[in-house]
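Chemist: Input: one structure, supplied below.
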Amino acid sequence: MSLLLAPSMLSANFGELDKSVELVNEGAADWFHLDIMDGLFVPNISYGFPVVKAIAKRARKPLDAHLMIVDPDRYIDTFAACGVEYLSVHYEACNHLHRTIYHIKDKGMKAGVAINPHTPVDNLKEVLSDADFFLIMSVNPGFGGQSFIPNAVSKVKRLRQMLQECGSGALIEVDGGVGVQNAAQLCAAGADILVAGSAVFGAADPLDAMRRIKGE
Ligand code: DX5
Ligand code: ZN
């Protein structure tokens, strides 16, 4: 499978949101990454359903929502109704992760499990065959534009090995501090999807940045 790129709309220009959406539609990107933050699970608040719906209305590529919120089960149905296709919840935010994964799947979405930099990939062992994708945070979640934590590379390698051993076809997504400088390394380590916010929307030429991150 070739590398997928999911630009994070957190770094979009919210004053001209339609233009940012169009860039992703027209560019080499594959998914829209939507960062939902509640000011509790992470020390920042991002945006909610009015913005998700505005993006969904114009998006011509799948929506990948990353919930950095406590008790995410409360909103699963609403994200499904917004047209989200890929929905990830944090391992650290779920008391009943297995139930949450199947709630997401029951709503017709692909279920993802995200882990913070301090959470070992071994903690995912019992849900390797349940989730459709896993999101390895390579920064502490909450803000765009932070520096990549290099330890994420070995976590990707280890998770790839674990998935192979149990015959799971789940995808691996990496999020935080990703750009042209580390995309090839993450891909070689076993990443399938790269999230990039500032590396895309902060670039002088976002269309060129998307191609370069994908190695095109
Ligand atoms: C961080 C978010 C990321 C963030 C990535 O909490 O989950 O998706 O927007 O932004 P960059 O690519 O700028 O690190
Ligand atoms: Zn994210």
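The values are calculated or read from the model by the stated rules, or taken from the named source; none is laboratory data. On a predicted model such as this, the values are computed, not experimentally measured, just so you know. FYI the Cβ positions are ideal-geometry reconstructions off the backbone, even for glycines, and counts take in every protein chain you see. Heads up: the accessible areas ignore ligands, DNA and RNA and are worked out on the full protein's heavy atoms, side chains in. Shrake-Rupley method; radii C 1.70, N 1.55, O 1.52, S 1.80 Å.
Chemist: Does the stretch 1-69 come out rounded, prolate or oblate by the C-alpha gyration tensor, with a ≥ b ≥ c the root eigenvalues, rounded set by a/c under 1.5 and, if not, prolate when a/b is larger than b/c and oblate if not?
Modeler: Numbers: a/c = 2.13, a/b = 1.39, b/c = 1.53.
Cα axes put the stretch 1-69 in the oblate bin.
Chemist: Here's a follow-up. Could you give me the ³J(HN,Hα) list for the stretch 198-214, computed from phi with Karplus coefficients 6.51, -1.76, 1.60 and θ = phi - 60°, whole Hz, x at Gly and Pro?
Modeler: These are the phi-based 3J(HN,Hα) values: 5, 5, 9, 6, x, 7, 4, 10, x, 5, 5, 4, 4, 4, 5, 4, 6 Hz.
Chemist: Using a basic spin-label model with each label point 7 Å from the Cα along Cα→Cβ, how many nm lie between HIS96 and SER2?
Modeler: 4.2 nm
Chemist: Can you give me the Cα centroid spacing of the stretch 163-195 and the stretch 31-65 in angstrom?
Modeler: Cα centroid of the stretch 163-195 versus Cα centroid of the stretch 31-65: 21 Å apart.
Chemist: Most fluctuating residue of VAL51, VAL200, VAL70 in a GNM of the chain with Cα springs under 10 Å: which is it?
Modeler: VAL51
Chemist: Quick one: accessible area per residue over the stretch 117-214, 1.4 Å probe, rounded to a whole number of Å²?
Modeler: Values: 4120 Å² over 98 residues.
Per-residue value: 42 Å².
Chemist: Extending each Cα 7 Å along its Cβ direction at ASP18 and PHE49, get the distance between those two points in nm, one decimal.
Modeler: Inter-label distance under the simple model: 2.4 nm.
Chemist: What number of lysine-lysine pairs in the stretch 44-157 show an alpha-carbon separation below 29 angstrom, given a sequence spacing of 8 or more or placement on distinct chains?
Modeler: Lysine pairs meeting both conditions in the stretch 44-157 amount to 21.
Chemist: If the elastic network links every pair of Cα atoms under 10 Å, which of PRO43, PRO72, PRO117 fluctuates the most in the Gaussian network model of the chain?
Modeler: PRO43
Chemist: Answer rounded, prolate or oblate for the stretch 149-213, using the Cα gyration tensor with square roots of eigenvalues a ≥ b ≥ c: rounded when a/c is under 1.5, else prolate when a/b is larger than b/c, else oblate.
Modeler: Note, shape of the stretch 149-213 comes out prolate.
Chemist: Still on this model: Given the rule -39500 (n - 2.57) for each run of at least 4 DSSP H residues, summed and divided by the residues of the chain, what is its mean residue ellipticity at 222 nm, to the nearest 500 deg cm²/dmol?
Modeler: -9500 deg cm²/dmol
Chemist: May I ask for the Rg/Rh ratio of the stretch 1-152, computed from Cα atoms with Rh as the Kirkwood radius, given to two decimals?
Modeler: Ratio value, two decimals: 0.94.
Chemist: What does the extension gain come out to for LYS57 and GLU85, with contour length at 0.36 nm per residue minus their alpha carbon separation?
Modeler: 8.7 nm
Chemist: What is the stretch 32-102 by shape, rounded, prolate or oblate, if you read a ≥ b ≥ c off the alpha carbon gyration tensor as root eigenvalues and call it rounded for a/c under 1.5, prolate for a/b larger than b/c, and oblate otherwise? Before the final figure, lay out the partial values.
Modeler: Numbers: a/c = 2.18, a/b = 1.39, b/c = 1.57.
Judged from the Cα gyration tensor, the stretch 32-102 comes out oblate (a/c at least 1.5, b/c at or above a/b).
Chemist: Something else about it: Taking the Cβ-Cβ separation of GLU165 and ASP106 as r and a Förster radius of 41 Å, what is the calculated FRET efficiency to the nearest 0.05? Could you put the intermediate results ahead of the total?
Modeler: Numbers: r = 28 Å, r/R0 = 0.67.
My answer for the efficiency is 0.90.
Chemist: Contour minus end-to-end for SER147 and THR78, with contour as 0.36 nm per residue of separation and end-to-end as the Cα-Cα distance?
Modeler: 21.6 nm
Chemist: Between ASP122 and ALA204, with labels modelled 7 Å along Cα→Cβ, what's the label distance in nm to one decimal, could you check?
Modeler: The two pseudo-label positions are separated by 4.7 nm.
Chemist: Still on this structure, please answer the following. Would you kindly state how much longer the chain becomes between SER129 and ASP71 on full extension, computed as 0.36 nm times their sequence separation minus their alpha carbon distance, in nm to one decimal?
Modeler: 18.6 nm
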